[in-house]
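Only one structure is covered here, and it is reproduced in the block below.
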Amino acid sequence: MGNDPEPFEFHAKLTELDDGLDTLHRSVQLLRDAAGPAADDHALMLFETALGEIGANVLTHGRPRGSRQAVDYDLRLAGRELHASFVDPGPPAHDHLKREMPAPDEESGRGLAIARALVDELGYWREGDVNTWRLVKRI
């Protein structure tokens with residue numbers, strides 16, 4: 001890899017699962033286009049997978065049931081680090097980040113374990129009634 005890619009920023013408000021996931025994938029494609037050959041595509045694929053896992057969880061569980069309140073999504077590339085965040089008004093996530101990969105016969109619960117394995121940092125915190133998820137991947 002040669003030079004650092006140019007800085008990149010993308011912001012969106014996500015309200016629906018399908019449209020939200022489309023927006024996440026579109027934002028990564030825009031990042032690929034902007035970064036060009038300076039970006040490590042393997043690292044971007046891993047990051048995009050983790051982004052989809054966390055994004056799906058946030059859009060499915062990160063808002064009060066029946067709410068159409070938006071989830072704030074930000075993606076940026078600074079130097080050789082990808083940063084993404086989701087901010088949602090949903091219930092607290094408790095200790096979900098500490099969960100191990102479920103047994104092979106379990107049908108759910110893999111998303112956070114997969115995302116944690118694919119990024120360099122996966123963080124979560126809650127302030128008041130707001131959850132923030134942060135993903136970092138070095139490329």
Full-stretch length increase - HIS94, VAL136 - with 0.36 nm per residue and alpha-carbon distance subtracted: 13.1 nm
Stretchable slack from THR60 to ARG26, in nm (0.36 nm times residue separation minus alpha-carbon distance): 10.3 nm
Distance in nm between pseudo-label sites at HIS11 and THR49 (7 Å out along the Cβ direction from Cα): 3.1 nm
Cα-projected label distance for ASP120 with ASN3, points at 7 Å along beta-carbon direction, nm: 2.1 nm
Karplus 3J(HN,Hα) series, Hz, for the range 119-131 with 6.51 cos²θ - 1.76 cosθ + 1.60 (x for Gly, Pro): 10, 7, 9, 10, x, 9, 8, 10, 10, x, 9, 10, 9
Calculated FRET efficiency for the pair ASP18/ALA78, C-beta based, R₀ 41 Å, to 0.05: 0.90
Stretch gain in nm, segment GLN69-ASP41, where the contour uses 0.36 nm per residue and the Cα spacing is subtracted: 6.8 nm
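A short reminder: the numbers here are calculations on the coordinates, not readings from a lab. Worth saying up front: this structure is predicted, and the values here are computed from it rather than measured. Using ideal geometry, Cβ is built from the backbone for each residue, glycine included, and neighbour counts are taken over all protein chains shown.
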